[in-house]
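To start, the structure itself, in structure tokens.
The values are calculated or read from the model by the stated rules, or taken from the named source; none is laboratory data. This structure is a prediction, so every number in the text was calculated from the model and none was measured. Note: ideal-geometry Cβ built from the backbone for every residue, glycine included; neighbour counts use all protein chains shown. Protein only, heavy atoms only, side chains kept; ligands, DNA and RNA dropped before computing areas. Shrake-Rupley method; radii C 1.70, N 1.55, O 1.52, S 1.80 Å.
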Amino acid sequence: MSHDFIYLASQSPRRRQLLEQIGVRHELLLPGPEEDAEALEAERHGELPRDYVERVTRAKLAAAVKRLKARGLAAAPVLCSDTTVALGRRILGKPTDAADAANTLSLLSGRTHRVITAVAVAAGRSSALEVNVSHVRFAELTAAQIDAYVASKEPFGKAGAYAIQSAAASWIAHIDGSYSGIMGLPLYETAQLLRQAHVRF
């Protein structure tokens with residue numbers, strides 16, 4: 001059975017934009033007020049970044065599939081994704097405040113970090129997950145650059161306190177990996193999973 005559209009269980013406008021880029025029709029399947037979506041992203045002590053991203057993505061997918069059934073919506077594949085930034089074993093999630101954002105950017109300054117994005121698709125009783133790992137090297141940042149970027153509010157809601165499609169792009173000296181994966185949805189892996197789920201696009 002083939003499908004003309006999917007459900008995207010993500011509030012990220014960047015993921016919507018990326019799906020539109022490859023011509024995938026989608027409808028949003030967002031958590032209701034009764035769901036504690038943030039709790040799914042809680043870190044566990046000692047958990048490695050890749051394990052964290054895979055676990056969170058699977059948890060988001062399970063919650064979205066349950067949501068789909070509870071709402072009695074038409075059957076279609078469900079896509080979830082999660083992105084984190086990692087320095088070694090350390091997970092650099094979404095900053096909690098301006099000081100946290102500035103500290104995160106200071107850690108990334110002049111170093112290479114990993115952007116790990118997992119994407120998962122459920123179709124019927126089957127589901128599959130793929131992980132993309134990209135390496136990003138930042139130039140040395142001045143305190144003034146960091147302060148100005150934090151003041152722009154761009155770091156908030158972003159893993160690693162930056163968005164590659166923002167002004168922070170001028171700090172990125174080198175990328176080894178997937179630009180779309182760094183944005184939050186690796187399109188190569190996503191397309192593979194959607195084809196396996198018989199989605200037409």
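Data overview
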| quantity | calculated |
| --- | --- |
| With every protein chain in place, the stretch 73-123: carbon and sulfur % of accessible area (1.4 Å) | 51 percent |
| Stretchable slack from residue 44 to residue 137, in nm (0.36 nm times residue separation minus alpha-carbon distance) | 30.8 nm |
| Residue with peak Gaussian network fluctuation, the chain [Cα springs, cutoff 10 Å], from 73, 129, 87 | 73 |
| Packing-based order for 79-85, 146-152, using average beta carbon neighbours within 10 Å, highest first | 79-85, 146-152 |
| Efficiency of FRET from Cβ geometry, residue 22 and residue 126, R₀ 22 Å, rounded to 0.05 | 0.50 |
| Note, ³J(HN,Hα) from phi for the stretch 65-73, Karplus 6.51, -1.76, 1.60, rounded to Hz, x at Gly and Pro | 5, 4, 4, 4, 5, 5, 8, x, 7 |
| Farthest toward positive dipole pole in the chain [+1 Lys/Arg, -1 Asp/Glu at C-beta], among 74, 161, 173 | 74 |
| Surface per residue (accessible, 1.4 Å probe) for the chain, Å² | 50 Å² |
| Low-density loop cleavage sites - GluC sites (Glu not before Pro) in the stretch 114-201, where at most 12 other Cβ are within 10 Å (DSSP) | 140 |
| Loop-resident sites, the stretch 71-102, for trypsin sites (Lys or Arg not before Pro), counting at most 10 other Cβ within 10 Å (DSSP) | 89 |
| Loop-located chymotrypsin sites (Phe, Trp or Tyr not before Pro) in the stretch 1-83 whose Cβ has at most 16 other Cβ within 10 Å (DSSP) | 5 |
| Estimated [θ] at 222 nm from DSSP helical runs (n ≥ 4, -39500 (n - 2.57)) normalised by residues in the chain, nearest 500 | -10000 deg cm²/dmol |
| Among 144, 64, 75, residue whose mean-square fluctuation peaks in a GNM of the chain (springs only between Cα atoms under 10 Å) | 144 |
| Interchain or long-range residues, amide H under 5 Å from residue 10's placed H | 29 |
| Cα gyration tensor, the stretch 29-125 - rounded (a/c under 1.5), prolate or oblate | prolate |
| Test item: Cα-centred dipole of the chain, Lys/Arg +1 and Asp/Glu -1 on Cβ, debye | 540 debye |
| J(HN,Hα) series, the stretch 79-94, from Karplus relation 6.51 cos²θ - 1.76 cosθ + 1.60, nearest Hz, glycine and proline x | 10, 10, 8, 8, 10, 9, 10, 9, 10, x, 8, 8, 8, 10, x, 6 |
| Per-peptide average of other Cβ atoms within 10 Å, ordering 169-179, 37-47 highest first | 169-179, 37-47 |
| Total charge dipole magnitude, the stretch 1-78, about the Cα centre, Cβ charges on Lys, Arg, Asp, Glu only, Debye to nearest 20 | 240 debye |
| Top of 127, 166, 12 by mean-square fluctuation, Gaussian network on the chain, Cα under 10 Å | 166 |
